[in-house]
Amino acid sequence: MLALHLLQSSLVLINTQFLQAVLRDPQWAGKLTAADWRGLSLLFWSRVNPYAISSG
């Protein structure tokens, strides 16, 4: 089970690094609309559980 958590954490880190690299590129930043930015905001906050209550 610990290996699965490590794998999930690694994938989150890699995905975050890729996303940051794309957003740093001015060519891509110019293509994003306000709706795109709102969608990205949900991407980061939809999995946050501030109360640490297990959902399943």
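For Gln8 and Ala34 in one chain, what is 0.36 nm times their gap in residues minus the Cα-Cα distance, to one decimal in nm?
Details: separation 26, 0.36 × 26 = 9.36 nm, distance 2.94 nm.
Gain in length upon complete extension: 6.4 nm.
Rounded to whole Hz and in sequence order, give me ³J(HN,Hα) for the range 8-15 from the Karplus expression 6.51 cos²θ - 1.76 cosθ + 1.60, θ = phi - 60°, writing x for Gly and Pro.
4, 5, 5, 5, 4, 4, 4, 4
Each reported figure results from applying straightforward, stated rules to the coordinates on display, with no laboratory input. Predicted model, so just to flag it, every value in this text is computed and none were measured.
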